[in-house]
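A short worksheet on the structure shown next.
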Amino acid sequence: MKENILIVGTFSTWSIRAWMCLKLANVTFSEQVIILENSDFKAILNKHSPTGLVPVFIDEYCKLHDSLAIAEYANELSAGIIYPDAINERALARSYCAELHSGFMHLRNVCPFHFSQQPAVTITSELRQELDRLIEIWFSAQGNFMFEKPSVVDVFYAVLAYRLFIYGIELPEKAGQYQQSLLEWPLFQSAITQAKSWSHEISA
């Protein structure tokens with residue numbers, strides 16, 4: 001049987017999400033790290049990724065790019081354990097993940113991803129609009145997680161919770177409680193530790 005491989009990139013938030021989805025689904029895999037800071041990363045990545053982007057998941061059946069596709073595949077491999085049980089909640093989970101996948105662009109641009117604390121940013125009207133939408137979503141969390149059990153939604157938004165944290169942005173009330181629960185989630189803490197190890201390969 002061919003070994004499952006997840007190709008990840010240094011400082012890649014989408015790689016972190018794919019890693020978490022596979023772990024949540026109890027899929028066994030090894031990692032191949034692409035150092036995106038190197039000048040030849042495109043040539044290396046193009047050998048594995050049809051889009052020249054990370055992450056990429058490879059098993060004996062297929063080669064998948066894009067974190068959303070990897071999340072869906074992980075869900076299939078695990079008989080559906082990383083999505084909510086109820087059909088309406090599964091639909092909502094997909095909606096929230098798709099919204100993050102294609103949205104919050106101003107937040108991403110203003111707050112680039114880092115592993116260490118960064119200077120506070122100015123809350124512009126554009127940023128405030130996106131934060132307000134995030135507050136609206138996070139206020140709907142059922143508890144420590146968005147739904148009754150940990151799901152792909154928590155995976156996708158945990159990285160965003162961390163991004164806000166490193167820029168000193170704390171959301172109010174229930175949204176802030178959900179943000180903190182994601183930061184304290186053992187799976188997410190393991191993911192950040194693992195992602196930091198990928199970046200250490202730069203000096204290896």
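Worth pointing out:
- Residue in the range 148-160 that is open to solvent by less than 20 Å² (accessible area, probe 1.4 Å), touching a helix residue (DSSP H, G or I) at 6+ places or on another chain (Cβ under 8 Å) and not in a helix (DSSP H, G or I) present: yes
- Condition check for residue 201: out of contact with any Gly (no Cβ under 7 Å at 6 or more places or on another chain), at negative phi and modelled with pLDDT under 95: yes
- Hits in the range 186-198 (condition: open to solvent by 20 Å² or more (accessible area, probe 1.4 Å) and either closer than 19 Å to residue 101 by Cα or touching a residue at least 12 places away in the same chain (Cβ under 8 Å) (or both)): 187, 190, 194, 196
- Looking across the range 12-44, the residues that are within 20 Å of the chain's Cα centre (by Cα) and in a helix (DSSP H, G or I) come down to 13, 14, 15, 16, 17, 18, 19, 20, 21, 22, 23, 24.
- Members of the range 22-45 found to be at pLDDT 95 or above and either of a type in the set (Gly, Ala, Ser) or surrounded by 18 or more Cβ atoms within 10 Å (Cβ to Cβ) (or both), listed by number: 22, 23, 24, 25, 27, 30
- Residue that is farthest from residue 91 (Cα to Cα) [pool: residues in the range 149-184 that are of a type in the set (A, V, I, L, M, F, W, C) and free of Cβ contacts under 8 Å to residues at least 40 places away in the same chain]: 165
Residues checked against (1) outside any loop (DSSP other than H, G, I, E, B); (2) of a type in the set (Asp, Glu); (3) under 24 Å from residue 7 (Cα atoms):
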{"residue": "113", "(1), (2), (3)": "no, no, yes"}
{"residue": "119", "(1), (2), (3)": "no, no, no"}
{"residue": "136", "(1), (2), (3)": "yes, yes, no"}
{"residue": "162", "(1), (2), (3)": "yes, no, yes"}
{"residue": "165", "(1), (2), (3)": "yes, no, no"}
{"residue": "170", "(1), (2), (3)": "no, yes, no"}
{"residue": "175", "(1), (2), (3)": "yes, no, no"}
{"residue": "181", "(1), (2), (3)": "yes, no, no"}
{"residue": "199", "(1), (2), (3)": "yes, no, yes"}
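- Applying the criterion of being part of a loop (DSSP other than H, G, I, E, B) and among the hydroxyl-bearing types (Ser, Thr, Tyr) to the residues of the range 72-105, the residue that is surrounded by the most Cβ atoms within 10 Å (Cβ to Cβ) is 83.
- Top-ranked residue of the range 47-71 - restricted to ones that are of a type in the set (D, E, K, R) and closer than 16 Å to residue 28 by Cα, ranked as surrounded by the fewest Cβ atoms within 10 Å (Cβ to Cβ): 60
- Number of positions in the range 106-117 that are β-branched (Val, Ile, Thr) and either under 13 Å from residue 134 (Cα atoms) or open to solvent by 50 Å² or more (accessible area, probe 1.4 Å) (or both): 0
- Qualifying residue in the range 120-127 (condition: in contact with a Leu (Cβ under 6 Å, 6 or more places away or on another chain), closer than 27 Å to residue 175 by Cβ, surrounded by 12 or more Cβ atoms within 10 Å (Cβ to Cβ) and touching a residue at least 24 places away in the same chain (Cβ under 8 Å)): no
- Annotation note: of 74, 25, 18, the sole residue that is in contact (Cβ under 8 Å) with a residue 40 or more places away in the chain, among the aliphatic types (A, V, I, L, M), farther than 30 Å from residue 167 by Cα and in contact with a strand residue (DSSP E or B) (Cβ under 9 Å, 6 or more places away or on another chain) is 74.
The values are calculated or read from the model by the stated rules, or taken from the named source; none is laboratory data. Just so it is clear, the model here is predicted, and its values are computed rather than measured. Positions of Cβ are generated from backbone atoms using ideal geometry, with glycine treated the same way; all protein chains shown enter the neighbour counts. When the accessible area is computed, the model is the full protein with side chains, heavy atoms only, and any ligands, DNA or RNA have been set aside. Shrake-Rupley method; radii C 1.70, N 1.55, O 1.52, S 1.80 Å.
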